[in-house]
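Inspection log for the structure reproduced underneath, given as structure tokens.
The values are calculated or read from the model by the stated rules, or taken from the named source; none is laboratory data. None of the values given here were measured: they were computed from a predicted structure. Neighbour counts are summed over all protein chains in view; Cβ atoms, including those assigned to glycine, are modelled from backbone coordinates with ideal geometry.
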Amino acid sequence: LKQAKRSNKVELYRKEVLESFRLRFSLETDLRHAIENDGLSVAYQPLIDLGDGAVVGFEALARWNHPERGPIDPADFIPVAEECGLIVPLGRWALSRAVKCLKDWDEITGQTLPIGMNINLSAVQFARDDVAQSVREVLEESGIAGNRLTLELTESAILSDPDRSARAMHALKALDTCLAMDDFGTGYSNLAFLQKLPIDILKIDRSFVTGMMQDRDSVSIVRAVLSLANALGMKTTAEGIETVELANTLAALGCSHGQGYYYSRPMSAADALEFFLQRRA
Ligand code: C2E
Ligand code: MG
Ligand code: MG
Ligand code: MG
């Protein structure tokens, strides 16, 4: 009986593993197909100047609406894309799509709009791709000025290969782009290292911003990050502002920029332009 039970368990385990492999493999295959056949899109979330409420730019966020499974969360497909290397073509596609969007908005409105675009770069892109070369090509092709682009990096991206990352970051700065440290506070913050890198903006992770309403510790952490950024001459962007109270508190603490559902969820390119034009009026 014992033997039978054990083999049942093994059988069950094998089934589960097999199932997760199948799921994973089909996700990978489907994602590859989506990248090659225009099956992905980009959503744009406004970045707000907390001082005067102006829209200063948008963060470009990849979206995947799977033909059978419906919308798939980036938290599910970005890690898969990173593991199988698909993040390189995906990232290039998102970059050129977002820059094209800025160019379209300039053309539609007949002016060079005073807004920029934030793009997420993953650690894998730093390790496997010449990111600066890709960015240079996209900028040259579009004619968009480098200073309208902000590249969002994570601590893990930089720490996985510090020397290579530092070189890539300096190459990106040479293109006049801005660099932001995304999800700041969630990784291994080596402050000495941070100081040596050409980072312009610290993005305070949503977990601390959300926590500010409930616990003093989060408020202390946010204060500390703000004064650190100030000391290092960096700007700050708070993620995940969901209420007017949070917006006001962060502005009072001296945080320069913010984004979150209180202002807007990520939206289509057309809605994003409309949002900008309405707030400017
Ligand atoms: P992230 O770069 O930290 O982007 C911010 C995430 O927070 C977005 O989630 C956004 O929708 C969400 N968010 C913004 N404001 C609020 C708020 O007020 N409340 C709540 N609950 N959430 C808010 P999203 O779009 O699901 O993206 C998740 C992550 O996936 C991103 O985190 C980024 O790390 C990654 N990602 C998305 N697109 C790309 C891409 O094109 N390339 C790479 N490498 N990563 C991407
Ligand atoms: Mg980001
Ligand atoms: Mg972030
Ligand atoms: Mg985040």
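Miscellaneous remarks
- For region 31-71, filtering for residues that are without any contact (Cβ under 8 Å) to a residue 12 or more places away in the chain and either of a type in the set (A, V, I, L, M) or more than 25 Å from Arg128 (Cα to Cα) (or both) leaves 5.
- Considering only residues in region 110-129 that are at pLDDT 90 or above and away from ligand 1 (no atom under 12 Å from the Cβ), the one that is surrounded by the fewest Cβ atoms within 10 Å (Cβ to Cβ) turns out to be Gly110.
- Count of region 118-148 residues which are touching a residue at least 40 places away in the same chain (Cβ under 8 Å), of a type in the set (A, V, I, L, M, F, W, C) and touching a strand residue (DSSP E or B) at 6+ places or on another chain (Cβ under 6 Å): 1
- In region 224-281, the residues that are among the hydroxyl-bearing types (Ser, Thr, Tyr), more than 18 Å from Ile119 (Cα to Cα) and part of a loop (DSSP other than H, G, I, E, B): Thr243, Ser256, Tyr261, Tyr262, Tyr263
- Residues (within 26 Å of Arg148 (Cα to Cα) and either within 15 Å of ligand 3 (Cβ to nearest atom) or β-branched (Val, Ile, Thr) (or both)) located in region 210-228: Val225
- Counted as qualifying within region 29-94 are the strands (runs of 3 or more DSSP E) with 1 or more residues that are within 20 Å of Met181 (Cα to Cα) and not hydrophobic (A, V, I, L, M, F, W, C), namely 40-49, 55-66.
- In region 190-206, of all residues being over 18 Å from the mean Cα position of the chain (by Cα) and either hydroxyl-bearing (Ser, Thr, Tyr) or assigned to a helix (DSSP H, G or I) (or both), the one that is nearest to ligand 4 (Cβ to nearest atom) corresponds to Leu194.
- Failed condition for Leu23, given (1) assigned to a helix (DSSP H, G or I); (2) within 16 Å of ligand 2 (Cβ to nearest atom); (3) of a type in the set (A, V, I, L, M); (4) surrounded by fewer than 21 Cβ atoms within 10 Å (Cβ to Cβ): (2)
- The one condition in (1) at pLDDT below 90; (2) among the aliphatic types (A, V, I, L, M); (3) within 16 Å of ligand 2 (Cβ to nearest atom) that Met213 fails to fulfil: (3)
Yes/no matrix, rows are residues, columns are (1) within 16 Å of ligand 3 (Cβ to nearest atom); (2) at pLDDT 95 or above:
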{"site": "Ser142", "(1), (2)": "no, yes"}
{"site": "Arg148", "(1), (2)": "no, yes"}
{"site": "Ser156", "(1), (2)": "yes, no"}
{"site": "Ala174", "(1), (2)": "no, yes"}
{"site": "Ala180", "(1), (2)": "yes, yes"}
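- Selection within region 226-250: residues that are among the aliphatic types (A, V, I, L, M) and under 17 Å from Leu47 (Cα atoms). The member of this set that is surrounded by the fewest Cβ atoms within 10 Å (Cβ to Cβ) is Val244.
- Residue count for region 150-184 satisfying the condition of being part of a helix (DSSP H, G or I), charged (D, E, K, R) and either within 16 Å of ligand 4 (Cβ to nearest atom) or in contact with a strand residue (DSSP E or B) (Cβ under 6 Å, 6 or more places away or on another chain) (or both): 1.
- Residue identified as farther than 30 Å from Arg280 by Cα and either in contact with a strand residue (DSSP E or B) (Cβ under 9 Å, 6 or more places away or on another chain) or more than 15 Å from ligand 1 (Cβ to nearest atom) (or both) among Leu194, Leu226, Leu246: Leu194
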